[in-house]
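Notes follow once the structure below has been shown.
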Amino acid sequence: MQIKLKFLGAAQNVTGSRHLLQANGTRILVDCGLYQERQFRARNWDTFPIAADSINVVLLTHAHLDHCGFLPKLVREGFKGKIYCNAATAEIAKIILLDAAHIQEEDAEFKRRRHEREARKGPYPEAPLYTTADAEACFPLFHPVRYRQAVTVGDGVEATFYDAGHILGSSIIRAKVRQGGQERIILFSGDIGRPDRPIVCDPTVFDRADYVLIESTYGDRVHKDTQDIKKLIGNVINSTKKAGGNIIVPSFALERAQEVLYYINELLLENTIPCLMVFLDSPMAAKVTEVFQHHPELFDEQMTEFVKQHKSPFNLRGLQVVSSTQQSKAINHIKGTVMVIAGSGMCTGGRIKHHLVNNITRPQSTIMFVGYQALGTLGRQIVDGAKKVRILGKKYKVKAKVIRVPGFSAHADRDELLDWLKELESAPRGVFVVHGETESARAFGNYIRKKTGWEVTVPAYEDEATLD
Ligand SMILES: [Zn+2]
């Protein structure tokens, strides 16, 4: 067998997922993510390490930016092949890419004006990484596929998508390569969800694979879900209302925002929180919420039941969807407690930065983190307890309450990842641990070896493996 795998991202780091599978003369890129950690962002500006026009096809596991956000640049560099993914992923990815392009255009302009004012230059060009037109150029290449429907992506190479239970439309990709009468199955885990989460189904398990690429975001820890998420959010709302501050929620527009709304709706129905104004200050989150309404076939039983009883969980009392920047700025003039859900989820860009500027120095306000904060992001600095942070070019003291709601994770923890692997009935020929910070990936690699005795590798950036 002559199958090659090259690790072009999410190799001992969390973002920039890009894995190149080469077999039977076909080059398949599994995920095409953007780097978000500060120390790796220069790679976004570099030309793709493999000539973009030599890649035949892209397979997307899901629509998070760190898995699809580099597509516009890949297309601009010459990629012309098909992009296969689940139908909901295709719809959401288009929204995400347009938003990313828009944020980059805005940030570039803001940076240009700031640098001009301060008479200095930053490390990257004062131009957007890609534009709205670049993002739109990807759209005709999207080819939605249904879960469990095999597609031929090259000579003797087939790909099938299965529900990963991570976000709506998320997939585990099973690639099957045939060569000279032999066959190999390679599983790309993408991001694996957790059992029993709201809205989406549980991750699909597999009984056979020759090679597995497995994520390890939480490969070195076990989620302690002693705290009830809904109760914790209820407490934050009640205590912040008492203090007279605002609740600022940096959130991914995708899944997390819908989950937060789902819980707030339940709290309101249970009458455990007062009715308050909730601003979904993210046109993208509003659009993504619409995609959820298009795909009830992807909901789990609990959500299907909720929809039957209460119609949509996304139409709660007090909810205001904010579209214009003027409306967004006007939120700051409202007296009394409001909740603002805005992006980006790790505070690396977008409207959340302005809301942080207005609330981070107020001890009455609470910044409620509901998502993973990658190393090197502003969100991570705040969560790690920084006393001062730099936002939009100015330093601010962190005086607001900082709360992490841990149980929200859309990623399986160490034990759940191992449980997923152990569904395999026999040892795979190799396991590659990806999509985790070095310590986490290595710890998980050791844990798998210890528990199973399997062959495990923790690849580094640009490592190459030959699969026999
Ligand atoms: Zn993800």
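The values are calculated or read from the model by the stated rules, or taken from the named source; none is laboratory data. Keep in mind it's a predicted model, so treat the numbers as computed, not measured. Here the Cβ is made from the backbone with ideal geometry for all residues, glycine too, and neighbour counts use every protein chain on show. To get the accessible areas, we keep the full protein, side chains included, count just its heavy atoms, and leave off ligands, DNA and RNA. Shrake-Rupley method; radii C 1.70, N 1.55, O 1.52, S 1.80 Å.
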Do we have any residue at all in segment 133-153 that's open to solvent by 20 Å² or more (accessible area, probe 1.4 Å), closer than 22 Å to H435 by Cβ, outside any strand (DSSP E or B) and touching a Phe, Trp or Tyr at 6+ places or on another chain (Cβ under 6 Å)? yes
Checked R197, R221 against criteria (more than 20 Å from V145 (Cβ to Cβ), of a type outside the set (V, I, T), surrounded by fewer than 19 Cβ atoms within 10 Å (Cβ to Cβ) and touching a residue at least 24 places away in the same chain (Cβ under 8 Å)); the one match is R221
Residues in segment 175-234 that are polar (S, T, N, Q), touching a strand residue (DSSP E or B) at 6+ places or on another chain (Cβ under 9 Å) and more than 30 Å from V260 (Cβ to Cβ) total 1
Reported set for segment 423-459 where residues are in a helix (DSSP H, G or I) and either among the charged types (D, E, K, R) or in contact with a Leu (Cβ under 9 Å, 6 or more places away or on another chain) (or both) is E439, R442, F444, Y447, I448, R449, K450, K451, T452
Reported set for segment 424-447 where residues are closer than 21 Å to H67 by Cβ and of a type in the set (D, E) is E437
Filter segment 34-47 for residues that are open to solvent by less than 10 Å² (accessible area, probe 1.4 Å) and touching a residue at least 40 places away in the same chain (Cβ under 8 Å); the one that is nearest to the chain's Cα centre (by Cα) is E37
- request: Scan segment 282-296 and give yes if some residue there is open to solvent by 10 Å² or more (accessible area, probe 1.4 Å), closer than 22 Å to K242 by Cβ and in a helix (DSSP H, G or I), otherwise no.
  value: no
Those residues of segment 373-418 which are open to solvent by 50 Å² or more (accessible area, probe 1.4 Å), within 22 Å of the chain's Cα centre (by Cα) and free of Cβ contacts under 8 Å to residues at least 24 places away in the same chain amount to Q381, D384
Q) among the hydroxyl-bearing types (S, T, Y) and within 14 Å of the ligand (Cβ to nearest atom) - does that describe any residue in segment 44-59? A) no
Filtering segment 350-372 down to residues that are open to solvent by 10 Å² or more (accessible area, probe 1.4 Å), out of contact with any Cys (no Cβ under 7 Å at 6 or more places or on another chain) and of a type outside the set (F, W, Y) yields G350, R351, H354, V357, N358, T361, R362, P363, Q364, G371
